[in-house]
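A short worksheet on the structure shown next.
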Amino acid sequence: MSLLHRLSWPCLIAALVAVAGSAAAGDVETRYQEHCAACHGETRLGGVGPALLPENLERLRKPEALNVIRDGRVATQMPGFADKLNADELRQLAEWIYTPVVPAPVWGEKEIRGSHVVDAAAARLPARPGRGLKGADPLNLFIVVETGDHHISVLDGDKLERLHRFPSRYALHGGPKFSPDGRFVYFASRDGWISKFDLYNLVVVAEVRAGLNTRNAAVSSDGKWVLVANYLPHSLVVLDAADLSLARIIPTWNAAGNKTSRVSAVYDAAPRKSFVVALKDVPEAWELSYDPAAEPVAEGLVHDFQYKEGAFKPGMFHPRRTLLTDYLDDFFFTQSYDEILGSSRSATKGQVIFLDGRKKVAELDLPGMPHLGSGITWKWKDPAGRERTVMASPNLNAGLVTVIDLETYETVKQIPTLGPGFFLRSHENSRYAFTDSMMSKENRNVLQVIDKQSLEVVAQIRAEPGQTLAHVEFTRDGRYALASLWEMEGALLVIDARNLREVKRIPARKPVGKYNVWNKISRSEGTSH
Ligand code: DHE
């Protein structure tokens, strides 16, 4: 008796569906190899085009993916396939790229080293501002990330003119990080690429792919190390900041050694000579010292792999864990860097964690989804005339900015805004802080200006209805604020920070963020670090 005869009807139908399904999967895979693999990689890990892994596509809805495959993407190399594939074939491809790659992709030592590129000639260029800067103050440059066509612009922050524009990796995310002298800037892409750019000579010096899906990166205050926070694989990757060569891989195992975690974010804690890390899937915060004199850590399981003989003293990059009861999604340092203020997307309360004591010491009244990574601080006089330092954070799912007293951790005020927003910015020399409401449908074209003493919204800056206006960064002296008109044919709006009038527009393609060298390297209280 044949196998078919031995199967019952329900079994037979299931078997036929499975065969048909795998044939369809086979077809779609063949079509992928024929039309897509050359740019997106045979195993969807990316190439000239971005990686097409479910993790990397989380922020692209399937109907949008279908549109891109059918019609292409403006201002990129992605062509439309409407003339080559029929509607069914396009739909199958759009579905299939959201399925996991089997076997699961690996990105370890071999792959990281294999991706590493150094421009030897660029690495020898002189350590003084070159002609390309046209005499601009190298500490008042702006780096503008334009994700409309994946480019970076370098602006002269005094003349407020573009000096240079060059292509970036696909979908940069997070603020770029600078070397302590401001000469080099490091970018991280969601696809895991880290690029080092020389601002004096306007060239890319080195690149490496440190992960398949990356959150952000931080640079140590001694300028020696770059730490990369990955979602995929679950790891932290230490790179030598000189040439981005691989130095260490630290898989993110929990203290019990039975679970790994995605990494939510990593930031440099300069006064502590350490990096602080938030883990997404296990309730732990880590501190990794880059101080050669750091005491070795006795506790905890460590699985890590070192690739630079003699570069690390025993206390370096060994996680000091704070065990928590809640997951940490993002966080903010207090002025002293002794504590972090952490948020968790699952909880209604934030947590204050004392880093030396490695424990939670207080709770914060933080409703909604505060975006602590965008928090800023300033000096504020309370009604009794006492000067306090306050921290304020926008909120990703509620129209409010929360202001917290950093001495008592009490909420000073919840400032109502026109809608949920991403960013908050100010400058020591400005009486104003700017916030957006870009997560709101009706009001995403409005920037709101908060008076830092009265804690009231005192003005609005409006773009056309339907457009998005968000993300501000000040010039080095705080005289002008640059805001992003976040459209494909968008612009940077230069706003006089005293009278709040627009003085100029600099065209830019979806300029998601801009960063002033001086404000970053001096850790200005009005900007993210
Ligand atoms: Fe971001 C910074 C997390 C979605 C644009 N974003 C950050 C940082 C974190 C973070 C932890 C700080 C890293 C740093 O600067 O080193 N972002 C998240 C998320 O969890 C979230 C909500 C969802 C996600 O899937 O990642 C998210 N972020 C976005 C966007 O949709 C934005 C608006 C558009 C985009 O390009 O992805 C966006 N995030 C930004 C920008 C910064 C950023 C421009 C840098 C802000 C700064 O001024 O320093």
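For this structure, a couple of remarks:
- In units of the rule-of-thumb radius 2.2 N^0.38 Å, the stretch 315-376 shows an alpha carbon radius of gyration of 1.11.
- The charge dipole of the stretch 107-173, taken about its Cα centre with unit charges on the Cβ atoms of Lys, Arg (+1), Asp and Glu (-1) only, comes to about 260 debye.
- Crossing angle, helix 87-96 versus the chain [Cα axis fit, 0-90 degrees, rounded to tens]: 70
- Unit charges at the beta carbon, dipole of the stretch 113-193: most positive-side option, Ala123, Phe178, Phe142: Ala123
- Sequence-distant contacts, meaning Cα pairs under 8 Å at least 6 residues apart, place the relative contact order of the chain at 9 percent.
- Here's the picture: charge each Lys and Arg Cβ at +1 and each Asp and Glu Cβ at -1 in the chain, and of Thr214, Ala255, Leu364 the one pushed furthest to the positive end of that dipole is Thr214.
- Of the residues His471, His35, ranked by 1.4 Å probe accessible area with the largest first, the sequence reads His35, His471.
- Helix 62-71 and the longest principal axis of the C-alpha atoms of the chain enclose an angle of approximately 80°.
- FRET efficiency, 1/(1 + (r/R0)^6) with R0 45 Å, evaluated for Ala298 and Glu34 via beta carbons: 0.20
- Inter-part distance, the stretch 66-142 to the stretch 223-286, computed on C-alpha centroids, equals 23 Å.
- With θ taken as phi - 60° and the Karplus curve 6.51 cos²θ - 1.76 cosθ + 1.60 applied, the whole-hertz 3J(HN,Hα) list for the stretch 152-169 is 10, 10, 10, 10, 6, x, 8, 7, 6, 10, 6, 9, 7, 9, 8, x, 10, 5 Hz, x standing for glycine and proline.
- Rounded to whole Hz, the Karplus (6.51, -1.76, 1.60) HN-Hα couplings of the stretch 253-269, x for glycine and proline: 7, 6, 4, 6, x, 10, 7, 9, 9, 5, 9, 6, 5, 10, 9, 7, 10
- Overall shape of the chain was characterised from the C-alpha gyration tensor. The equivalent ellipsoid obtained from it has semi-axes of 39, 29, 26 Å, in decreasing order.
- Total charge dipole magnitude, the chain, about the Cα centre, Cβ charges on Lys, Arg, Asp, Glu only, Debye to nearest 20: 560
- Folded to 0 to 90 degrees: helix 9-35 orientation relative to the chain principal axis, Cα: 60
- Straightening the chain between Asp356 and Asn67 buys 98.9 nm, computed as 0.36 nm per residue apart minus the Cα-Cα spacing.
- Projecting the Cα atoms of Pro103, Phe187, Ala298 onto the charge dipole of the chain, computed from C-beta unit charges around the Cα centre, puts Phe187 farthest toward the positive end.
- Our estimate of slack between Asn429 and Asn397, defined as 0.36 nm per intervening residue step minus the Cα-Cα distance, is 8.5 nm.
- Residue-normalised accessible area of the chain, given per residue in Å² at a 1.4 Å probe: 43
The values are calculated or read from the model by the stated rules, or taken from the named source; none is laboratory data. Everything quoted here is computed from the prediction, not taken from an experiment. Cβ: placed from backbone, ideal geometry, glycine included. Neighbour counts: every protein chain shown. Keep in mind that these areas ignore ligands, DNA and RNA; they rest on the heavy atoms of the full protein, side chains included. Shrake-Rupley method; radii C 1.70, N 1.55, O 1.52, S 1.80 Å.
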